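Here's the structure, in structure tokens; my notes come after.
Just so it is clear, none of the values below were taken in a lab; they were calculated from the coordinates. Given the structure is predicted, the values throughout are model-derived calculations rather than measurements. A quick note on method: Cβ atoms are made from the backbone with ideal geometry, for glycine too, and the neighbour counts reach across all protein chains shown.
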Amino acid sequence: NAGVTQTPKFQVLKTGQSMTLQCAQDMNHEYMSWYRQDPGMGLRLIHYSVGAGITDQGEVPNGYNVSRSTTEDFPLRLLSAAPSQTSVYFCASSYSGQGAVKQYFGPGTRLTVT
Amino acid sequence: ILNVEQSPQSLHVQEGDSTNFTCSFPSSNFYALHWYRWETAKSPEALFVMTLNGDEKKKGRISATLNTKEGYSYLYIKGSQPEDSATYLCAFNNAGNMLTFGGGTRLMVKP
């Protein structure tokens, strides 16, 4: 199993550009989520999904969209990039949304917005 | 927004030292507490998920305890090794679908 994969690993955007961060998992996990990691702030939840066709907002959803058309994929869209979105983005999955289940993380995407 | 705090923010120890750090979380509506180990340039990996007050979990030289009534968990590392150098994250769940992470404790073990 490849586990959780993310592409790209690095990306530089100009303010106002849009892009999609890809996330895929091959573990047949129902629950998928996106976090951003900023210095001194740990991981903050952006959006999550408890199954195909179902998404919900996390702690910091503004400026991001998600969709979940298949169990495997959970792309994160930046609609109009801003410097405040410079961060490292992690996708995670688990077999259910229950809080007592460990999360499997992808390798991360480092995004810089100039 | 739930308040999950970790202390200290960073820690330098010598190889062979034992060390511990703290995760504080809301004591109400507790469901689960996670610990993750995050090495530089890698992704976070789960160490423990604890759900019961008084839980103790162990994985090699690393162990964790849980006190849900007072809202804290300790992570202990016995005989630290350079390969233990990493950021240790805790995350709190209150039975919803969201994990709230603390800011992490960055451990550096000097040979």
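Sorting B:42-49, A:102-109 by their mean Cβ neighbour count within 10 Å, with the most densely packed peptide first, gives A:102-109, B:42-49. Extension gain, residue A:77 to residue A:1, is 24.8 nm, computed as 0.36 nm per intervening residue step minus the present C-alpha separation. For region A:59-77, backbone nitrogen atoms closer than 16 Å to the point 7 Å from residue A:26 Cα along Cα-to-C-beta are found at A:71-74. Fraction of C-alpha pairs exceeding 13 angstrom in region A:45-93: 57 percent, rounded to a whole number.
Cross-link pairs exceeding 28 Å between alpha carbons, from the set B:69/B:110; A:102/B:110; A:102/B:42: B:69/B:110; A:102/B:110.
Amide H to amide H, with H built 1.01 Å from N, residue A:63 comes under 5 Å of no residue 5 or more places away or on another chain.
Diffusion coefficient of the protein assembly as shown by Stokes-Einstein, Kirkwood radius over Cα pairs, 25 °C, 0.890 mPa s: 137 µm²/s.
For region A:52-57, backbone phi angles converted through the Karplus equation (6.51, -1.76, 1.60; θ = phi - 60°) give residue-by-residue couplings of 4, x, 10, 9, 8, 7 Hz, Gly and Pro being listed as x. So how much slack lies between residue B:53 and residue B:41, counting 0.36 nm per residue of separation and subtracting their Cα-Cα distance, in nm? Extending this stretch completely gives an extra 1.0 nm.
Please rank A:77, A:68, fewest neighbouring Cβ atoms within 10 Å first, as an exposure proxy. Neighbour counts put them in this order, fewest first: A:77, A:68. The residue A:114 and residue B:31 beta-carbon pair, evaluated with R₀ = 35 Å, returns a calculated FRET efficiency of approximately 0.30. Taken about its Cα centre, chain A carries a charge dipole of about 340 debye when Lys and Arg each add +1 at the Cβ and Asp and Glu each add -1 at the Cβ.
Taken as Cα centroids, region A:43-98 and region B:35-111 sit 24 Å apart, rounded to the nearest whole angstrom. Both numbers refer to the Cα atoms of region B:1-94; Rg and Dmax are 13.0, 39 Å. Scanning residues 5 or more positions from residue A:96 or on other chains, those with amide H under 5 Å from its amide H are A:30, A:31, with H placed 1.01 Å from N in the peptide plane. Residues whose amide H lies under 5 Å from that of residue B:85, counting only those 5 or more places away or on a different chain, are B:109; hydrogens are built 1.01 Å from N in the peptide plane. Ordering A:35, A:87, A:52 by the projection of their Cα atoms onto the charge dipole of region A:1-113, which places +1 on the Cβ of Lys and Arg and -1 on the Cβ of Asp and Glu, puts A:87 at the extreme positive end.
Computed about the Cα centre, the dipole magnitude for chain B is approximately 100 debye when only Lys and Arg (+1) and Asp and Glu (-1) carry charge, each at its Cβ. Whole-Hz Karplus values for region B:72-80 come out as 8, 9, 10, 10, 10, 10, 9, x, 3 Hz, taken residue by residue from phi with 6.51 cos²θ - 1.76 cosθ + 1.60 and θ = phi - 60°; glycine and proline positions read x. Would you mind telling me which residue in A:75, A:61, A:39 has the biggest mean-square fluctuation in a Gaussian network model of chain A, where springs connect alpha carbons within a distance under 10 angstrom? Per the Cα network of chain A with a 10 Å cutoff, A:39 tops the list. Our coupling estimate for region A:18-25, obtained by passing each phi through the Karplus curve with A = 6.51, B = -1.76, C = 1.60 and θ = phi - 60°, is 10, 6, 10, 8, 9, 9, 9, 9 Hz, Gly and Pro reported as x.
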